[in-house]
Every structure is written in structure tokens, then in C-alpha cells.
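Report on the structure given below.
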Amino acid sequence: EVRFECAGALLYSLGQTRLQCAFDEQGVAAAWRTPEGGKADVQPTIQCVINRTWCAQPEPPSSARMLSFDPPWPERGAAFRMGCARGTRPAGGLGVAHCREDGQWCAEGQGRNEMLGCADFLRCEVEEEYCPELTVPSAERFVPAGFLGTDVDMEGPKLEHQTTTVTTWLPIAAAPLGAVRASRPCPPSFRRAHGDSAVVCAHGEDGRGAWQPTHRGEAMPQPGLVDVPSAECVVCELDGRFGVRRTYFSVLGKLYDRSEGLGTDVVPNIDQQMSDYDAALFESYLLIEEAGLYEFSVEVSGKFLLSLDRDAILVGRSTGGEREVFWAAARRLEVGFHELNMQYEFDPVLLDVDLDGETPVPRLLRLLWRRREAPAPTAPASVVATEVPEGAVVVPVGVLYHGFRSFPGYPRVVDLVNDPNQ
């Protein structure tokens with residue numbers, strides 16, 4: 001008796017699987033016959049087909065996704081490819097697996113040799129910075145102190161009588177897919193101008209994440225739009241009440257005559273590192289919220305006069321183009337507003353450039369202060385030094401008011417009135 005069977009990963013389809021050696025129909029010669037005595041083919045054979053269920057249905061790890069399955073049955077030699085979903089990235093393993101002879105899926109890379117075993121399947125991990133940091137384009141432009149207002153357009157034509165509105169932004173740090181973030185409140189003296197207070201990290205273009213506005217923790221539906229609009233970083237605008245009025249001059253010796261000035265703008269405070277103008281008159285009102293002893297100092301390259309409540313408290317002139325620091329004796333200030341003025345001129349004996357003939361001499365002017373608990377035992381009227389006094393900081397924006405009357409064009413205010421003809 002002879003038996004036929006399908007080898008390996010094949011399944012029996014048709015044909016005689018058993019034959020016996022017996023006599024032919026005449027009983028004279030030997031012939032192959034079926035076990036039931038039937039006549040067999042001249043060349044007996046069986047037909048086998050591929051086993052379409054040789055391996056189990058492929059199941060990639062929960063962190064990965066199946067990309068393709070070819071052919072679409074788990075037969076021997078079949079392959080399926082895995083990949084990481086958007087918002088995740090490969091953390092290890094291989095992304096292609098084959099159905100082996102032993103009925104197991106084996107990740108490509110180690111071969112199909114059972115002695116070598118198989119590599120790990122692809123593993124994916126959350127991409128912690130799927131959505132990049134959310135900022136505003138203007139944040140990438142650096143504007144030095146002293147280049148606010150009229151000085152801001154450093155490469156193009158000067159914009160006379162223009163005041164730049166000082167803004168800050170509340171960036172959102174990079175985050176994974178699905179992360180919901182809320183912006184913190186605007187800093188003191190600033191108010192929210194525009195931007196989304198709550199955002200969610202969602203899918204964006206080019207395989208990257210994008211911040212989108214949220215509504216109750218979920219992306220806001222926008223009827224008629226394919227995608228939810230991109231979120232905007234919260235931008236905070238300095239309240240229009242704050243700042244210092246600056247009248248700027250292109251010539252020296254004309255501070256007494258405002259008509260000689262080129263224009264007036266509003267700067268946040270007196271922290272000028274460089275300017276295109278040789279002279280300026282700064283006017284503001286200083287708000288003292290807590291009575292006490294305050295010590296003012298000025299860092300300057302040039303000459304200046306500082307007055308408080310129409311009383312000159314500090315006068316100085318630097319030696320050459322190097323900066324120098326002058327500070328006055330501490331004085332007691334009561335709660336309320338105090339008129340503050342400063343005159344500044346670039347020293348006429350100085351050249352516009354340094355000794356190398358190329359480096360411009362800066363029009364440096366900074367107003368600093370510090371709070372003292374008690375006056376110095378032997379406090380002089382003024383001190384000249386090369387370093388800023390310990391603890392002294394630039395007088396901040398939130399305590400300087402540019403005035404109590406309207407300033408043309410700043411801030412822009414729209415008054416709504418009723419039509420008198422109605």
C-alpha cells in the first residue's frame with residue numbers, strides 16, 4: 001500500500017491519497033488499485049493547495065499599527081508591515097514580519113532560521129514634542145532697548161511720530177498629541193489683546209502636530225471647514241496708560257525748545273541702549289505704592305539731568321565714551337504720583353564712532369532705583385562709579401505713566417456717540 005500526503009504548509013485538495021498494489025481487471029498483471037478496488041490513474045497523484053491559515057492572524061503590538069498585509073492571508077511566506085501612528089515614534093524592534101515554516105510570525109532582520117530566533121516586533125512610544133512650542137512670529141525678532149517707538153524701524157525709513165505698542169506673549173511648551181493646555185494670565189500692567197486661552201495638540205501638516213483652539217477640552221467644530229483653524233498664542237498688550245513720553249532731537253543744545261524736536265513718542269521706560277538721536281527729553285509720572293526711602297541711579301554715556309517733582313536730584317556727565325553710573329542719596333517718597341523728568345544729550349566732545357573708527361558710540365541712558373530700609377550713615381549728595389549699585393534695577397514699566405492727558409495717536413481710543421440727528 002502507498003500513501004500520498006501534502007508536504008509542509010499545503011492542504012489536500014483532490015486525488016487518491018491511498019493506493020494498493022493488486023491484479024488488474026483480467027487478474028493477470030499487477031496494477032495500482034484504490035482500497036475499494038477501483039481503477040487508479042496511469043500516473044496517480046494528488047493535488048495540494050496553499051494553507052491560507054498556516055499562521056495565526058497577525059496582531060501587531062498595541063502601540064503599533066498595521067500598514068500592509070501581502071498576500072491578505074496568513075499563509076507561509078506572507079508578510080505584514082507595521083508602523084507607528086502619528087503622534088508616536090519607533091522605540092525599538094522591526095517593522096516587517098513573515099509567516100515562517102513553523103507557523104510563527106518572525107520579524108525580518110533575524111532571518112527565518114529557527115536557530116537564530118526572531119527579532120522583536122516594532123514598538124512605538126509617545127512623541128512628547130509632537131506639537132512644537134507655540135509662540136508668535138514677532139517673538140523671533142529681537143528689538144534692543146532704545147529702539148522702541150521712532151527707533152524701531154532700523155533698516156527702513158524712519159517713522160516720525162510713531163509709537164510702538166509694547167507686547168509680550170504667553171508661549172505654550174511643546175506637548176504630545178491630545179495634550180490640552182491653558183494660558184496663564186497676562187503679567188501685571190498688561191492686558192490680553194488676542195489669542196486662544198486654551199489649546200489642544202492635534203494633527204497638522206507634513207506629519208507634524210499643530211495647536212488648535214479648544215472648547216471644553218476638545219477641538220472646536222467648525223462647520224464647513226475641513227480642518228480646525230490653527231491656534232494663536234495669547235498676546236498681552238501693555239496698558240496704554242503706562243510709559244514715558246520722549247521728545248527726540250537730532251541736534252544738541254535745543255532741549256529748552258520743544259519746537260526744535262523731530263517728534264514725540266512713548267517708550268516703556270528709560271532703558272535706552274542705543275538710539276539714532278543725540279538728545280531726548282523724557283517726561284513721566286512715577287507711581288509710588290508704598291512710602292519709603294528710594295535711591296535713584298543713572299547709567300549713562302553722555303550727560304543728563306534727572307529731576308523729581310521739579311527738583312533736580314542728579315546731574316552727571318560721563319568721561320569719554322565709556323559708560324558711568326551716577327546715583328543720588330536716598331530720598332523719602334510718599335504714596336502717590338511724582339513728576340519725573342530727564343534730559344539727555346550725547347556729549348558734543350565725543351565722536352560718533354569709537355577709536356577703531358567703526359564701532360558706534362552708544363547713546364546709553366538707563367534709569368534705575370532701589371528701595372532702602374534706612375539711609376546710609378554718611379550719604380553723599382551723589383556718587384560716581386563704574387558699576388550699578390547692588391540691588392538696583394531698571395525702573396519698571398508698571399510704575400511709569402506717560403501723562404494724564406490724551407497723547408495724539410496714543411493710545412488709539414474709539415469714542416462711540418449717538419447721532420444728534422436722530
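One table, with the values for the structure above:
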{"item": "Gain on full stretching of the segment that runs from T319 to L67 - 0.36 nm per residue minus C-alpha separation", "result": "83.3 nm"}
{"item": "Extension gain from A193 to L10, taking 0.36 nm per residue of separation minus the Cα-Cα distance", "result": "58.7 nm"}
{"item": "For the range 26-31, Karplus couplings with θ = phi - 60° (6.51, -1.76, 1.60), whole Hz, Gly/Pro x", "result": "8, x, 10, 10, 7, 7"}
{"item": "Long-range amide H partners of V388 with built H, under 5 Å", "result": "none"}
{"item": "Over the range 167-213, volume per residue of the alpha carbon convex hull, in Å³", "result": "81 Å³"}
{"item": "Nearest-0.05 FRET efficiency for E387 and R258, computed from C-beta distance (R0 41 Å)", "result": "0.70"}
{"item": "Nearest-0.05 FRET efficiency for D206 and Q47, computed from C-beta distance (R0 60 Å)", "result": "0.70"}
{"item": "The range 387-401 - phi-based ³J(HN,Hα) in whole Hz, Karplus 6.51/-1.76/1.60, Gly and Pro as x", "result": "10, 5, x, 4, x, 7, 10, 4, 4, x, 5, x, 10, 10, 10"}
{"item": "Net charge, K39 excluded, C-beta distance under 9 Å - Lys, Arg +1, Asp, Glu -1", "result": "-2"}
{"item": "Long-range amide H partners of A330 with built H, under 5 Å", "result": "A376"}
{"item": "By average C-beta atoms within 10 angstrom, highest first, the peptides 76-86, 5-15, 21-31", "result": "76-86, 5-15, 21-31"}
{"item": "Estimated D of the range 30-89 in µm² per second, where Rh is the Kirkwood radius over Cα pairs and Stokes-Einstein applies at 25 °C, 0.890 mPa s", "result": "158 µm²/s"}
{"item": "Distance between modelled label sites at A374 and D102, nm, 7 Å Cα→Cβ extension", "result": "8.7 nm"}
{"item": "Summed residue charge, Cβ within 13 Å of F69's Cβ, Lys/Arg positive, Asp/Glu negative", "result": "0"}
{"item": "5 angstrom amide H check on Y130, placed H, neighbours 5+ away", "result": "A175, L177"}
{"item": "Phi to ³J(HN,Hα) by Karplus 6.51 cos²θ - 1.76 cosθ + 1.60 over the range 238-253, Hz, x for Gly, Pro", "result": "4, 4, x, 6, 8, x, 10, 6, 10, 9, 10, 10, 9, 10, 8, x"}
{"item": "The range 325-342 residues near the modelled A291 label - backbone nitrogen below 14 Å, point 7 Å along Cα→Cβ", "result": "332-337"}
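All of the numbers you see were taken from the coordinates with simple rules; none came from a lab. Computed from a predicted structure; not experimentally measured. With ideal geometry, Cβ positions are generated from the backbone for all residues, glycine too; neighbour counts draw on all protein chains shown.
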